1. With a 1.4 Å probe and every protein chain left in place, work out the accessible area per residue of the stretch A:16-76 in Å², rounded to a whole number.
2. Apply the a/c threshold of 1.5 to the C-alpha gyration tensor of chain A and tell me whether it is rounded, prolate or oblate.
3. Pop out the carbon and sulfur fraction of the accessible area of the protein assembly as shown as a percent, whole number, probe 1.4 Å.
4. At a probe radius of 1.4 Å, what is the per-residue accessible area of A:ASP15, in Å² to the nearest 10?
5. Could you work out [θ]222 nm for the protein assembly as shown from helices alone, using -39500 (n - 2.57) per DSSP H run of at least four and dividing by all its residues? Round to the nearest 500 deg cm²/dmol.
6. Could you sort B:GLU487, B:GLU33, A:GLU41, B:GLU423 by their accessible area in this structure, using a 1.4 Å probe and putting the largest first?
7. Excluding ligands, DNA and RNA, what is the solvent-accessible area per residue of the stretch B:247-348 at a probe of 1.4 Å, expressed in Å²?
8. I'd like the mean, over residues of A:30-39, of how many other protein chain beta carbons sit within 10 Å of each residue's own Cβ.
Amino acid sequence: MPIITQSSSAAVVIDDAKCIAEKGCRVCVDVCPLDILAIDEVRQKAYMKYDECWYCMPCEVDCPTNAVKVNIPYLLR
Amino acid sequence: MAASAHRIEIIETDILVIGGGTGGPMAAIKAKEADPSLRVMVMEKANVKRSGAISMGMDGLNNAVVPGYATPEQYVKEITVANDGIVNQAAVMAYARGSFPMIQYLDKLGVKFEKDGSGEYNMRKVHHLGTYVLPMPEGHNVKKVLYRQLRRLQVAVTNRYMATRLLKGPDGRIAGAIGVNTRTSEFLVVKAKSVVLACGAAGRLGLPASGYLFGTYENPANCGDGYAMAYHAGAQLANLECYQINPLIKDYNGPSCAYVTGPFGGYTANNRGERFIECDYWSGQMMLEFWRELQSGNGPVFLKMDHLREETIAEIETILHTNERPSRGRFHDRRGTDYRHRPVEMHISEIGFCSGHSASGVWVDEHARTTVPGLYAVGDMAGVPHNYMLGAFVNGGIAGADAAAYCASNPLASYDQGDIDAETARVLAPTLRTDGLTPHEMEFKTRRLVNDYLDPPKVTAKMKLGQRRFAEIREDLDLLVARDPHELHRALEMQSILDCADMAAAASLYRTESRWGFYHLRVDHPETDDVNWNCHTVLFKDDRGRMAHAKREVDPYIVPVAAEDMSAYHQLRIKTPEAAE
Ligand SMILES: Cc1cc2nc3c(=O)[nH]c(=O)nc-3n(C[C@H](O)[C@H](O)[C@H](O)COP(=O)(O)OP(=O)(O)OC[C@H]3O[C@@H](n4cnc5c(N)ncnc54)[C@H](O)[C@@H]3O)c2cc1C
Ligand code: SF4
Ligand code: SF4
């Protein structure tokens with residue numbers, strides 16, 4: 001069976017203006033226990049890559065510039 | 001990608017700890033403290049800095065045995081009663097004796113516990129009989145403290161490696177483990193004299209009612225890998241039918257949390273605002289009353305706090321919204337739930353295995369040894385009932401020290417290269433396909449069927465049907481596709497989940513009685529049968545690779561419990577409901 005792609009909303013939001021991934025920061029990507037954050041290679045900003053969030057918040061608390069906001073995923077909000 | 005195209009790095013250590021959450025780091029720390037010359041390594045699927053159940057800290061110790069409040073004997077008795085008599089008291093006693101020294105050790109390392117004006121620990125009563133809860137309103141820094149100590153003692157840490165199988169020598173001793181990098185799919189074979197499993201609960205077994213795969217009570221990284229690895233290595237697993245099922249905030253699926261609010265005067269109430277259980281401590285009996293209340297039409301069930309004073313509520317909010325599950329506050333805000341005016345709606349969680357909260361775990365003795373020589377299990381996945389966070393620390397410490405001693409007299413065991421080849425082939429199989437089924441859909445279906453067929457009240461005919469459905473999913477594994485390392489990581493987790501689903505069904509069918517309240521409520525065998533089943537059950541992989549079971553006697557109690565005391569947890573329902581205050 002061929003595989004299709006489905007979309008969903010990203011509960012974890014990164015403020016591009018604050019994110020300093022271009023300076024090499026990877027803190028949120030490093031700490032996420034589910035490994036669902038990544039750096040967009042073109043924009044050099046962090047983003048939520050997979051909809052697999054435990055809304056636990058190390059990404060938000062450890063971000064040095066307060067760029068991350070964790071919202072509760074829509075299905076359980 | 002052929003298996004041979006993948007790099008396999010092989011390294012050697014004395015002690016390998018798998019899982020760097022709570023019990024794992026403490027096992028590594030205590031092994032190093034016992035013998036600083038040992039090479040100790042922690043393999044962690046996530047990042048030790050923020051992994052596991054306590055990634056953000058913890059609201060309190062749920063089972064602290066503190067002099068002046070309780071003796072180890074009283075604690076052993078409480079847990080024996082809370083767990084319907086099926087406990088290995090020696091292991092519970094080892095925990096109870098280690099409890100206070102561990103609190104002092106953590107305190108010395110910088111973990112903050114609540115103290116009164118004169119510097120004494122501020123203990124609170126939540127359990128039915130004794131006083132065991134020690135709040136940690138400033139408990140955010142636990143992981144930092146552990147990490148600092150790992151660094152100080154020069155424990156080697158490999159993050160983002162998921163262990164997939166244990167390796168054994170020809171004499172049956174543990175020989176190490178194989179892991180896969182979750183970002184590159186590279187293999188790491190670790191040869192070790194001793195291995196400590198600390199992979200947490202099997203918390204991704206049932207599907208949360210929200211349908212969100214990762215909206216579990218447990219940290220979803222704890223998907224049952226530890227249980228699956230122990231099973232495939234031939235270790236015995238105990239009392240798996242004694243599921244973990246928790247009373248949680250509906251939809252949010254985190255603790256509400258009665259342990260924090262109870263001592264302040266909050267309580268669990270029905271839709272009339274009335275109490276219906278005497279004690280909010282989580283036990284199978286408590287869950288049974290909770291379920292009955294929902295069934296009776298008196299639901300929803302709530303955590304009620306609106307009768308408390310403003311200062312008290314403000315204090316509760318500070319604890320609950322900043323510590324262990326800080327997104328709780330955000331969840332309540334969006335729904336307009338303010339503790340001052342509205343009670344918190346609760347519900348019953350999905351099922352899982354966990355000995356931290358219940359009693360389903362890998363069989364261990366009082367030294368945290370499993371039935372495989374050189375293999376230890378600690379924390380939520382080790383069968384020491386109701387062990388919670390402090391239990392993970394204490395038993396982790398016991399395992400670390402014992403493993404250090406084991407290493408002194410046991411050289412490395414050799415493993416069979418054929419086992420590595422078979423495992424790399426199994427791991428990589430989903431990467432060889434481009435069409436087929438995705439890890440998400442296979443996981444979703446497995447977990448949805450777990451809810452449909454395994455949730456209590458457990459019905460024999462349903463569980464058997466469930467087994468057939470799981471067997472069909474197992475056949476579908478030939479269609480499982482992983483297109484990148486992240487998907488492969490999920491594909492492997494999905495297989496652990498399926499193993500746990502099979503174990504949950506088989507274990508539940510084996511014990512033909514009802515016990516532990518809601519956790520093992522069997523419709524076809526509604527009574528507790530002490531004549532035939534006042535014993536542990538163990539599940540294991542037999543010589544021919546089949547799932548097998550046996551009864552294991554409960555060792556004679558070291559702390560006697562009178563027959564009339566044994567039913568204390570059976571009388572949790574309030575006789576005449578009190579009017580709301
Ligand atoms: C939301 C919540 C609230 C709680 N509140 C309290 C409380 O207030 N008081 C209390 O005493 N207890 C509480 N508990 C229980 C307590 O947190 C646990 O009992 C304890 O932390 C378990 O420790 P552990 O080491 O077994 O598991 P964890 O700390 O969860 O660690 C398991 C680790 O194993 C890793 N892992 C899993 N699989 C693999 C693999 N295949 N390879 C490598 N690594 C792997 C995981 O990433 C994780 O880091 C709570 C638990 C939860 C979930
Ligand atoms: S931690 Fe913050 S600044 Fe760093 S990459 Fe993530 S979002 Fe950007
Ligand atoms: S909330 Fe937790 S799971 Fe979600 S992105 Fe942040 S760290 Fe990862």
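1. Computed with neighbouring chains in place, this is 44 Å² per residue.
2. Oblate shape, in that a/c is at least 1.5 and b/c is the bigger or equal ratio.
3. Percent of accessible area from carbon and sulfur atoms in the protein assembly as shown: 50.
4. Solvent-accessible area, nearest 10 Å²: 60 Å².
5. Value at 222 nm, helices only: -9500 deg cm²/dmol.
6. Result, largest first: A:GLU41, B:GLU33, B:GLU487, B:GLU423.
7. 35 Å²
8. Counting other chains' Cβ atoms within 10 Å and averaging over A:30-39 gives 6.
The values are calculated or read from the model by the stated rules, or taken from the named source; none is laboratory data. It should be emphasised that the depicted structure is a prediction, and the values quoted were computed from it without experimental measurement. Backbone-built Cβ (ideal geometry, glycine too); neighbour counts: all protein chains shown. In case anyone asks, the SASA skips ligands and DNA or RNA and just uses the protein heavy atoms, side chains included. Shrake-Rupley method; radii C 1.70, N 1.55, O 1.52, S 1.80 Å.
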